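Notes follow the structure.
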Amino acid sequence: MISKNTVCLWFDGTALDAATFYARTFPDSAVTAVHRAPGDYPAGKQGDVLTVEFTVMGIPCLGLNGGPAFQHTEAFSFQVATDDQAETDRLWNAIVSNGGQESACGWCRDKWGLSWQITPRALTAAIADSDRAAAARAFEAMMGMGKIDIAAIEAARLG
């Protein structure tokens, strides 16, 4: 059963592949249902996977195989708060090594075009530091990073 509020993500025939990857990669994630088209539609044929119900870290999602008309942009992203460098590295590397690409400031994009912010809690704390000079140093360090290096953020924070 679809949740009352669900994130619908548009795919070009790859919703099941993406949902399966997310379920394998992120904690508290699963593919919960696959629905096949009861008839032909503009992006597919009867029997093709039309929608996939899944969760990503507890967030209910619906993957819709709607065809090539719409592409993902950075205007939507999943932000993942990580607890340490090992978790940051594991998630970042899983996305990038599976056909994704690196971006800046903790952002990366998966091979389906969805953007992910792999954000260590240490970074969030550093840029919210009540010592504004420390926050500025941490922020400046982050601006030069792809994947976030927690030790470098902490070093910059401390000055």
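Across the stretch 92-106, what is the number of residues that are buried (at least 20 other Cβ atoms within 10 Å of the Cβ) and touching a Phe, Trp or Tyr at 6+ places or on another chain (Cβ under 9 Å)?
Counting residues in the stretch 92-106 that are buried (at least 20 other Cβ atoms within 10 Å of the Cβ) and touching a Phe, Trp or Tyr at 6+ places or on another chain (Cβ under 9 Å) gives 4.
In the stretch 108-118, what residues are surrounded by fewer than 20 Cβ atoms within 10 Å (Cβ to Cβ) and either modelled with pLDDT under 95 or not basic (Lys, Arg) (or both)?
Within the stretch 108-118, Gly113, Ser115, Gln117 qualify.
What's the number of the condition Asp17 fails, among (1) under 13 Å from the mean Cα position of the chain (by Cα); (2) more than 30 Å from Glu154 (Cβ to Cβ); (3) not assigned by TED's automatic domain parsing to the domain that holds Gly144?
(1)
Scan the stretch 46-54 and tell me whether some residue there is in a loop (DSSP other than H, G, I, E, B), more than 25 Å from Val31 (Cβ to Cβ) and either modelled with pLDDT of 95 or more or not assigned by TED's automatic domain parsing to the domain that holds Thr14 (or both).
Looking through the stretch 46-54, none of the residues is in a loop (DSSP other than H, G, I, E, B), more than 25 Å from Val31 (Cβ to Cβ) and either modelled with pLDDT of 95 or more or not assigned by TED's automatic domain parsing to the domain that holds Thr14 (or both).
Does at least one position in the stretch 13-23 carry a residue that is outside any helix (DSSP H, G or I) and among the charged types (D, E, K, R)?
No: the stretch 13-23 contains no residue that is outside any helix (DSSP H, G or I) and among the charged types (D, E, K, R).
The values are calculated or read from the model by the stated rules, or taken from the named source; none is laboratory data. Just so it is clear, the model here is predicted, and its values are computed rather than measured. Using ideal geometry, Cβ is built from the backbone for each residue, glycine included, and neighbour counts are taken over all protein chains shown.
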